[in-house]
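Since the structure comes first, as structure tokens, the remarks are kept for the end.
The values are calculated or read from the model by the stated rules, or taken from the named source; none is laboratory data. Computed from a prediction, not measured in an experiment: that's the story for all the values here. Cβ placement follows ideal geometry from the backbone for every residue including glycine, while neighbour counts extend to all protein chains displayed.
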Amino acid sequence: MDIKQKAPAGAGTRSVTLTMTHGPRCDVEVPGGHVIVTDEAKERGGDNAGASPLAHLTAALASCQAVQVHKVAKAMRFNHGRVTIQCTTTTDRVPAIDGGDKVMRFIAASLDIAIETDEPSARLDRLAKLSEDACPVGNLFADAGTTPVITWTARPLKG
């Protein structure tokens, strides 16, 4: 019996269209016909009609890692139940490249991943290593000099 190999994924392109009609609110059309709304809180000049772009990036880090956990666990036939991720990013104002006014930069990121499983710790360690390595958003943070700190906790699998 021949085993069909999955074709390796090549370069991928994603395009979005953003419309901003007033204030900082943005309607971002993304592939699949979805619209993401970003905005700022009222005290920052917005109408609080959506999460801020920085909150969306934090959510992207958490959800990207979750997708990788799902994909790697499936490939490993890793037995698990619920996965929860608490993700925190920290920003601060740092001097601009030209030494001018300070600009906002991400300076830290962390993820606390809890997974219900009855798998041995060695398999959980393997899942963690492979899924962390595969997360493009986590790698984006790392490439920018802010490697996310990731903590894994195994919880009993609920029957």
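Give region 13-45 a look and list any residue that's within 15 Å of A55 (Cα to Cα) and part of a loop (DSSP other than H, G, I, E, B), or say none.
Residues satisfying the conditions are P24, R25, D39, E40, A41.
Could we say that G100 is out of contact with any Asp or Glu (no Cβ under 8 Å at 6 or more places or on another chain), outside the structural domain of D133 (by TED's automatic domain parsing) and not aromatic (F, W, Y) here?
no
Tell me the residue from A59, A41 that is surrounded by 11 or more Cβ atoms within 10 Å (Cβ to Cβ) and in the same structural domain as C135 (by TED's automatic domain parsing), please.
A59
Could you grab the pairs with beta carbons closer than 8 Å, sequence gap of 6+ or different chains, first residue in region 147-159 and at pLDDT below 95 and of a type outside the set (D, E), second one surrounded by 14 or more Cβ atoms within 10 Å (Cβ to Cβ) and in a strand (DSSP E or B)?
Taking only residues 6 or more apart or on different chains, the pairs are L157/H80; L157/E116; L157/T117; K158/E116.
Going by the conditions given, is R82 in the same structural domain as A144 (by TED's automatic domain parsing), modelled with pLDDT under 95, in a strand (DSSP E or B) and not small (G, A, S)?
no
Looking at L54, L130 in this structure, which one is surrounded by fewer than 16 Cβ atoms within 10 Å (Cβ to Cβ) and part of a helix (DSSP H, G or I)?
L54
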